[in-house]
Amino acid sequence: MKLKNIFTYAFGNWLRPFIFFAFTIVFFFINKLVASELLLVGTIILFCIALLGLLISTVYQLINKHWMNALFTGTVFICVVLPLLYVSWAAYIFSSAFKSTDGFANNLKIPSDIIISNPIEIPVETSNPDTVRSLQLSQSGFQLYNSFQPGLYEYDLWIGKIGKGTVYLKVFEVTQNTPLSESSVYKRSTIEVYNSTDTIKRFSTKSDFTIYEGDWGKPYAARFEVWFQPDRFWSKERKLFEKNYKIEGWQR
């Protein structure tokens, strides 16, 4: 009977659970000023109890047909819980996006018996990438660049006389010859080319392309092949260059 009286006292008046909830908000701001870990833990516990109190109060008011009181406490409960659930879900998705790994590069070794180059860095703060990509080759070739995140790349191509067509990349992991991100690399690395003279001319990608296999901080060796597809429909594609680079996959 005594327990029933306590329950009735706590929830019979819809205002009491609401005042208790309001006090937990005050404790939260006090904790922001004091910056105490112990007080923060206590505030979180009180906040959870206060939310539970609002829910119980809503049910109690509904059972006793106090509709307006139930509507008020229920609305407060929902307006607090829904944003909390959304923020928790968003934080989970955000953290998963940066922690997700595919394990592709876990057991890969970078060979020591072949020539492997490093992509050139393009600083994020550089407003004019051409100041970084000012390399001018006297012979045909290509250069890979790191874009603004590991796993994102751009490249330049230098070539003399060549007919109208497109060049694009094919990328393979060196030790197992595994094709890397075939579809996306093909689409994003395509460059239209044409040079009717013998003078070496530079062609550049207009945006970055992504190597999805692997994770940040786990470099491995990849072979980059530059292929040319002439516009003439009867002409077959042919490989122009290849070069090995140490790369990382984009962290999904």
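Observations on the structure shown:
- Under Karplus coefficients 6.51, -1.76 and 1.60, residue-wise ³J(HN,Hα) of segment 172-179 in Hz, glycine/proline x: 9, 5, 5, 6, 10, 6, 7, x
- The calculated Kirkwood hydrodynamic radius for segment 120-247 is 15.3 Å, given to one decimal from all distinct C-alpha pairs.
- Charge sum, other residues only, whose C-beta stays under 12 Å from Ile159's C-beta, Lys/Arg counted +1 and Asp/Glu -1: +1
- Extension gain, Val59 to Ser196: 0.36 nm times the residue separation minus the Cα-Cα distance gives 41.2 nm.
- Surrounding net charge for Asn195, when Lys and Arg each add one and Asp and Glu each subtract one, Cβ distance under 11 Å: +3
- Under the Karplus curve 6.51 cos²θ - 1.76 cosθ + 1.60, θ = phi - 60°, whole-Hz ³J(HN,Hα) for segment 240-246, x wherever Gly or Pro sits: 9, 9, 8, 7, 8, 9, 8
- Cα-projected label distance for Lys236 with Phe148, points at 7 Å along beta-carbon direction, nm: 4.2 nm
- Residue order, fewest to most beta carbons within 10 Å, for Ile115, Ile159, Ile49: Ile115, Ile49, Ile159
- Residue order, fewest to most beta carbons within 10 Å, for Leu15, Leu157: Leu15, Leu157
Every number in this text was worked out from the coordinates using simple rules, so none of it is lab data. Values in this document were obtained by computation on a predicted structure and should not be read as measured data. Cβ atoms come from the backbone with ideal geometry, glycine included; neighbour counts cover every protein chain shown.
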